[in-house]
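**Student:** I'd like to ask some things about the structure below.
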Amino acid sequence: MSDAATRPELVRALAGLGGPSPDAGVCRLLGLPAPAGAATHTDVFVLETHPYASVHLGEEGMIGGDAGDRVAGFWRVLGVVPPPEPDHLGSLLDLYARLGEVELALPPASRRRSALMSARAALLWEHLASWVPVHLAAVDRAGGRFHRAWAGLMADVLAAEADGLPPRAQLPTALVAAPAPLALSSRRELVESVLAPVRSGMVVTRSDLVRAGSDLGLGVRRGERRFALDGMLDQDPAGILAWLGRAAEEWAGMHPRWHRGALEPVGRWWEGRARAAAGVLSGAAARVAA
């Protein structure tokens, strides 16, 4: 396995730094910049990005639902009562570290160690590799110096861990069984699918919509992104569709950073979703403008 796999404390430390109170001493130990203030940290990890598997893999792009139940089921298979937020990145990284610690404490040839290794591999491939690269890209875009450095180190650890797994013949189940790509069958369907990363291949944050409003000279409603985007479609449908198409194309250019090692199939899947969304949105913008 990878070097990082022999150091579950590194995984746990990274999980803690993504929480509400990152430890400055841990940052120094890992060579990361000093953490941002509490308000900035909340902006990045609560208001702008959402470190939940269900947000990235669910059909509606919201916490919970079938995608959240899938992760909770994994905890139960291990014989562990799922925590209140079973699909939160911090919870999943902590579980991964715990499995690694117990695994390393067992004799190398023991049957239980082999079972724990298989469980840890399933956790990594199915419930982390399937979406965390996209979340890290969003954090990199939304955060400051500390958040970019944290996301970069987390990305390196994730890639190293994935490369230490036995070769996988299939994509993570959540991607194989993913909901339909972005669709334009109705206004509601458009808004929901744009804001669901698994359907659009991108993460559209509140700041993205504010930036779009500034670029296009549009008012941006307060409140949920769905209301804001719906209002922008009322004001300038062709403009906002074209803007979203360009955003999807930008995301399609970001996903290839994961075209490396074991994570390459995951990166290619997400790139395909983003390119498909870019084509649909740009085509719709052209039709509306005409």
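What follows is calculated from the coordinates using simple rules that are stated; it is not laboratory data. The model shown is predicted, which means the values in this text are computed figures rather than measured ones. Quick reminder, even Gly has a Cβ in these numbers, built from the backbone with ideal geometry, and neighbours come from all protein chains shown.
**Student:** Helix 111-127 versus the longest principal axis of the chain: what is the Cα-based angle in degrees, 0 to 90, to the nearest 10?
**Tutor:** 10
**Student:** Another one. Using Cα springs under 10 Å in a Gaussian network model of the chain, which residue among Glu224, Glu249, Glu60 shows the largest mean-square fluctuation?
**Tutor:** Maximum fluctuation in the GNM of the chain, among the listed residues, is at Glu224.
**Student:** Along the charge dipole of the chain, pointing to its positive end and built from +1/-1 on Cβ of Lys, Arg, Asp and Glu, which listed residue (Ser110, Ala160, Gly267) has its Cα farthest out?
**Tutor:** Farthest along the dipole direction, towards plus: Ser110.
**Student:** Are there GluC sites (Glu not before Pro) in the stretch 105-209 that DSSP puts in a loop and that have at most 10 other Cβ atoms within 10 Å, and which ones?
**Tutor:** Those that pass, being in a loop and sparsely packed, number zero.
**Student:** Let me have the 222 nm mean residue ellipticity of the chain computed from DSSP H runs of 4+ only, each contributing -39500 (n - 2.57), with the sum over all residues rounded to the nearest 500.
**Tutor:** Dividing the helical sum by the residues of the chain leaves -19500 deg cm²/dmol.
**Student:** Please report, in debye to the nearest 20, how large the charge dipole of the chain is about its Cα centre when each Lys and Arg carries +1 at its beta carbon and each Asp and Glu carries -1 there.
**Tutor:** Here the size comes out at about 260 debye.
**Student:** Please report, in debye to the nearest 20, how large the charge dipole of the stretch 4-176 is about its Cα centre when each Lys and Arg carries +1 at its beta carbon and each Asp and Glu carries -1 there.
**Tutor:** Once rounded to the nearest 20, the dipole reads 580 debye.
**Student:** Consider the candidate values (1) 137; (2) 126; (3) 148; state which one is volume of the Cα convex hull per residue in Å³ computed from the structure displayed.
**Tutor:** (2)
**Student:** What does the charge count near Leu92 come to, summing +1 for each Lys or Arg and -1 for each Asp or Glu among other residues with Cβ under 13 Å from its Cβ?
**Tutor:** Every neighbour counted, the sum reads -1.
**Student:** For the chain, calculate the relative contact order in percent as a whole number, restricting contacts to Cα pairs under 8 Å that are 6 or more residues apart.
**Tutor:** For the chain, the relative contact order is 19 percent.
**Student:** With the Cα gyration tensor of the stretch 193-290 giving a ≥ b ≥ c as the square roots of its eigenvalues, does the rule (a/c under 1.5 for rounded; else a/b larger than b/c for prolate; else oblate) give rounded, prolate or oblate?
**Tutor:** prolate
**Student:** With axes computed from alpha carbons, what is the tilt in degrees of helix 8-17 against the longest principal axis of the chain, rounded to the nearest 10 within 0 to 90?
**Tutor:** Compared with the principal axis, the helix lies near 40 degrees.
**Student:** Any idea how far apart Arg187 and Asp215 come out in nm if each label point goes 7 Å out from Cα toward Cβ?
**Tutor:** Going by the 7 Å Cα→Cβ label model, 2.3 nm.
**Student:** Still on this structure: Pick from Ala67, Ala151, Ala36: which residue has the top mean-square fluctuation in a GNM of the chain where Cα pairs under 10 Å get a spring?
**Tutor:** The residue with the greatest mean-square fluctuation here is Ala36.
**Student:** Could you tell me whether the stretch 1-149 comes out rounded, prolate or oblate from its Cα gyration tensor? Rule is a ≥ b ≥ c as square roots of the eigenvalues, rounded for a/c under 1.5, then prolate if a/b exceeds b/c, otherwise oblate.
**Tutor:** oblate
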